[in-house]
Amino acid sequence: MRWAASQLGSPLRYLQIAQGNGWFTSKLTYDFVLPAILATICAAAVLYFSLPLRLYSETGLIPGVINLLNLLIAFFIAALAAVATFDRPGLDDPLKGEPATMKRKKKSGVIVDHILTHRQFVCYLFGFLSFASVSLLIGLYGFRLVGPPQWLDGDLSISLVQAELHLKPVIKAVGIWIFFFVLSQIVITTLLGIYFLCDRLQFLDDQAD
């Protein structure tokens, strides 16, 4: 089972790609920092202004996200197939500027830092987008199919030393933040992928970084 999970979850290796140093001057900015900031802002706005997400409705934010994901998944897979099979000089050269590396295990068992080419990096990028979009879509459809959890109808709380913590608002806030974090990751990584398709891959012969 471990090998099956490793193969099916291989698109998530995109998050293991390292490029640059520091949280605000590397690939981590696109992968985690910006999505976390956007997710926090959006979740805070939804909770503060009591904005409805309409998870179980036919119209609203989440139904709109579902419709958008249905379109984007096809685009991501088509872009992945195109980049994986496209024949162009320079596409299999290492990324210019700061190298993008991924830890890979050789047959001998030694783990080394593998420098990615333009093709490998962009393929991992659109593979991750496909995986994240399908996962989010399945999750949203799953919640809509099951319906509102019955255990949330009651007053969930736990007693602490000097206070009582109500769990319903905490569970709701965490769920909303996770939703916006994954959605923000998809949006930001999509913009990064568009940048590579319309700019970086069009100037592979340019000597400038």
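The values are calculated or read from the model by the stated rules, or taken from the named source; none is laboratory data. Keep in mind the model is a prediction, meaning the values are calculated, not measured. Heads up, the Cβs are rebuilt from the backbone with ideal geometry, glycines too, and the neighbour counts pull from every protein chain shown. Surface areas here come from the heavy atoms of the whole protein model, side chains and all, with no ligands, DNA or RNA. Shrake-Rupley method; radii C 1.70, N 1.55, O 1.52, S 1.80 Å.
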| said: Just to be sure before I move on: is R54 more than 22 Å from Y195 (Cβ to Cβ) and of a type in the set (K, R) in the structure I sent? | reply: yes
| query | Restricted to segment 77-128, and to residues that are of a type in the set (D, E) and either within 17 Å of K27 (Cβ to Cβ) or part of a helix (DSSP H, G or I) (or both), which residue is modelled with the highest pLDDT? | reply | D113
| said: Here is a list: G9, G20. Which entry is in contact with a Ser or Thr (Cβ under 9 Å, 6 or more places away or on another chain) and farther than 26 Å from V170 by Cα? | reply: G20
| message | As an exercise: evaluate Y30 against (1) farther than 19 Å from S135 by Cβ; (2) among the hydroxyl-bearing types (S, T, Y); (3) under 15 Å from the mean Cα position of the chain (by Cα) and give the number of the one condition it does not meet. | response | (1)
| task | Name the single residue, out of those in segment 1-24 being more than 19 Å from L116 (Cβ to Cβ) and outside any helix (DSSP H, G or I), that is least open to solvent (accessible area, probe 1.4 Å). | result | G22
| remark: Residue count, segment 53-93, condition surrounded by 15 or more Cβ atoms within 10 Å (Cβ to Cβ) and closer than 30 Å to Q202 by Cα, comes to 11
| field | Filter result for A74 (part of a helix (DSSP H, G or I), in contact (Cβ under 8 Å) with a residue 60 or more places away in the chain and over 16 Å from L183 (Cβ atoms)) | value | no
| note | Counting only residues that are open to solvent by 50 Å² or more (accessible area, probe 1.4 Å) and under 21 Å from D199 (Cα atoms), segment 94-114 contains a total of 4
| task | May I ask you to list the residues in segment 39-65 that are aromatic (F, W, Y) and free of Cβ contacts under 8 Å to residues at least 12 places away in the same chain? | result | Y48, F49
